[in-house]
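J.: The following block contains the structure, expressed as structure tokens.
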């Protein structure tokens, strides 16, 4: 790693934590001022539960229910591919290829992948029938050229 990238990575990390800290403090302040009988629901979401502030996660009454949505399995990924490919035609072979090559990714990753597949398709010929080349180009861009940060941001397993 070159020294030129260290300040940028540090700045991103500090920026993330400052944002997270501000959101956490605001939520705690609002939550502590509410009357117990208030009918208000806070919905908190994260794809990084390990990064939750310990005081926020461990304190009784701050988070009443935690629901984990697992990463989609092969059938779920195939369903998402069909959902997000409306407007273009993806063959069953194409759907199978995508689902096999995207094990361990989130639904948002599949959505972005389909957007990029369509983008490559339009640039290539735009006939409405997605090709294996379109799929390969989009997967290469997201899985290899985008690097680890791209994978983390889109919710893929990186271990």
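Taken together, the values in this text are just the output of simple stated rules run on the coordinates, not laboratory data. Keep in mind that this is a model prediction, so the values were computed, not measured. All Cβ positions, glycine included, derive from the backbone under ideal geometry; neighbour counts span all protein chains shown.
J.: Can you give the FRET efficiency to the nearest 0.05 for residue 82 and residue 51, using r as the Cβ-Cβ distance and R₀ = 30 Å?
T.: On the way: r = 33 Å, r/R0 = 1.09.
For residue 82 and residue 51, the calculated efficiency is 0.35.
J.: Mind ordering 109-117, 129-137, 83-91 by average Cβ neighbours within 10 Å, highest first? Working shown, then result.
T.: Numbers: 109-117: 20.9, 129-137: 17.4, 83-91: 14.2.
Listed from highest to lowest mean packing, they are 109-117, 129-137, 83-91.
J.: Using 7 Å Cα-to-Cβ label points, what is the residue 145/residue 101 separation (nm, one decimal)?
T.: Each label point is offset 7 Å from its Cα along the Cβ direction, giving 1.3 nm.
J.: For an R0 of 25 angstrom, estimate the FRET efficiency from the Cβ-Cβ distance between residue 124 and residue 75 and round to the nearest 0.05. Could you put the intermediate results ahead of the total?
T.: Values: r = 29 Å, r/R0 = 1.16.
According to the calculation, E is roughly 0.30.
J.: Nearest 0.05, what FRET efficiency do residue 115 and residue 44 give at R0 = 30 Å with Cβ-Cβ as r?
T.: That gives a FRET efficiency of 0.70.
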